[in-house]
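Read the structure below first, then the notes.
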Amino acid sequence: HWGNQGVGLVKFGDGMSLSKVKDSFESPLEGGAVAVSGWRNAMQTAVVLFKLRIVFLLLMAATGGAFLAAGGWPGWGVMLLTWVTGGMAAAGASAMNQYWERNKDGLMGRTRKRPLVNGDITDPRWVPWVSMALVVVPVVAVLPFNRPLAFFLALGAFIYVGIYTIWLKPRTLLNIVIGGAAGSAAVLSGSAAAGLWNAPGALALAAILFLWTPFHFWSLAILYREEYKRADVPMLPTQTTPQKAAWWVMSHTLPTGILSLLMVVLPGLGWIFFAPVLIITVDLFYRNVQLIRDPSPINARKLFMSSNYYLLVLLLAICVDLMLPW
């Protein structure tokens, strides 16, 4: 790389001096390419540091909570409030998680390329301050007019960073079982934004997120079992055999699937919700059975991907069915 601009690898041909190569990068044409590449690298760094893919899933969960509380489309005001405040708080908690775990992340191939590990962020001292601001600002901003929303935004960040990352993850194999409550808080932040945080549907969805999170992470931990061992992180699959871990996964897959299908009894949800959720639930159980029969990395990966699709289909089915007029 030249000057850490992310331009790429440079081959030096015969007779080509270092100064000429540098001059070529500083030409008007190449300067534009460097600027574009630098912008793209900055975006990629932000996506990884703030875990924006996970933030997207959490915002989908919050959206589901808002729809269930409103019994349909909550309105653009509610949705913007949900997405902006929830996105900021989740991104801040995610960056704080990476800052706290940056040393152990360097021991795992899955996390070795994170920007706080590979040197993309050369001075990480700003990260905890920005992370705290991303959590505190939306909490303080909504506190005067929506205390339940402020509470669940703060609770989700506290569970993920304080309880899961700092306290439980390095100490007990039950870390993610309790840490899954952070996803539940995301659901309830959406229902709080819609004005009814304790709506029955939102509480049911929060319970589903609580049950879903462990088998989602355990399937990933089976896949990266040796890496978690090397980093001395006591995820459940490192404390037992892969096959027993697969049975533990099923102990959460089963109630998650049953509770998800039972949501069809809620007002506003019918066959348009039930049919796709039934299909994805069958696929999820099939993947879990395959993992029990053969707890191989490839089957663990398939179950992990299926768990992602499961949550996305479930949340989309809720929103679509509630928006339809019949």
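The values are calculated or read from the model by the stated rules, or taken from the named source; none is laboratory data. Please read these numbers as outputs of a predicted model, since none were measured by experiment. Cβ coordinates were reconstructed from backbone atoms using ideal geometry, including for glycine residues, and neighbour counts include every protein chain displayed. Heavy atoms of the whole protein, side chains included, go into the accessibility calculation; ligands, DNA and RNA do not. Shrake-Rupley method; radii C 1.70, N 1.55, O 1.52, S 1.80 Å.
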Task: Unmet requirement for Gly119, which otherwise passes all of (1) over 22 Å from Leu57 (Cα atoms); (2) surrounded by 20 or more Cβ atoms within 10 Å (Cβ to Cβ) - done: (2)
Open item on the list: Anything in the range 152-163 that is crowded, with 19+ Cβ neighbours inside 10 Å and of a type outside the set (Val, Ile, Thr)? List them, or say none.
Closed with: Phe152, Leu153, Ala154, Leu155, Gly156, Ala157, Tyr160
Task: Single residue of the range 47-59 satisfying the filter (assigned to a helix (DSSP H, G or I) and open to solvent by less than 30 Å² (accessible area, probe 1.4 Å)) that is nearest to Leu324 (Cα to Cα) - done: Val55
- [ ] Kindly list, by first and then second residue, each pair from a residue in the range 90-105 that is within 19 Å of Ala154 (Cα to Cα) to a residue that is open to solvent by less than 20 Å² (accessible area, probe 1.4 Å) and of a type in the set (S, T, N, Q), limited to pairs with Cβ atoms under 8 Å and residues at least 6 apart or on different chains.
- [x] Gly92/Ser131; Ala93/Ser131; Ala95/Ser131; Met96/Ser131; Met96/Thr165; Asn97/Thr165; Tyr99/Ser131; Trp100/Thr165
TODO: Answer yes or no as to whether Gly201 is of a type in the set (Gly, Ala, Ser), over 29 Å from Tyr228 (Cα atoms) and either over 19 Å from the mean Cα position of the chain (by Cα) or crowded, with 18+ Cβ neighbours inside 10 Å (or both).
DONE: yes
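Could you look through the range 71-98, keep only residues that are in a helix (DSSP H, G or I) and open to solvent by 50 Å² or more (accessible area, probe 1.4 Å), and pick out the one that is farthest from Met263 (Cα to Cα)?
Residues of the range 71-98 in a helix (DSSP H, G or I): 76-98.
Next, only the ones that are open to solvent by 50 Å² or more (accessible area, probe 1.4 Å) stay: 76-77, 80, 83-84, 88.
Numbers: Trp76: 25, Gly77: 26, Leu80: 26, Trp83: 24, Val84: 28, Met88: 29 Å.
Selected residue: Met88.
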Open item on the list: Which of the numbered conditions does Gly268 fail, given that it passes all the others? Conditions: (1) on the phi < 0 side of the Ramachandran plot; (2) touching a Leu at 6+ places or on another chain (Cβ under 8 Å).
Closed with: (1)
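Yes/no per residue for (1) open to solvent by 30 Å² or more (accessible area, probe 1.4 Å); (2) in a helix (DSSP H, G or I); (3) not aromatic (Phe, Trp, Tyr):
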residue	(1), (2), (3)
Val136	yes, yes, yes
Ala150	no, yes, yes
Thr165	no, yes, yes
Pro170	yes, no, yes
Gly183	no, yes, yes
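Any residue at all in the range 114-131 that's closer than 26 Å to Asn198 by Cβ, small (Gly, Ala, Ser) and part of a helix (DSSP H, G or I)? Talk me through it step by step, then tell me what you get.
So the first thing to find is which residues in the range 114-131 are closer than 26 Å to Asn198 by Cβ, and the list is none.
Among the residues of the range 114-131, not one is closer than 26 Å to Asn198 by Cβ, small (Gly, Ala, Ser) and part of a helix (DSSP H, G or I), which makes the answer no.
Give the residue, chosen from Gly156, Gly119, that is of a type in the set (Gly, Ala, Ser) and more than 19 Å from Val48 (Cβ to Cβ).
Working: Gly119 fails: more than 19 Å from Val48 (Cβ to Cβ).
Exactly one residue qualifies, and that residue is Gly156.
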Task: Selection within the range 185-195 - in a loop (DSSP other than H, G, I, E, B) and in contact with a Gly (Cβ under 9 Å, 6 or more places away or on another chain) - done: Ala194
Task: helices (runs of 4 or more DSSP H) wholly inside the range 213-326 containing at least 2 residues that are open to solvent by less than 20 Å² (accessible area, probe 1.4 Å), over 26 Å from Arg110 (Cβ atoms) and of a type outside the set (Asp, Glu) - done: 242-262, 271-293, 297-323
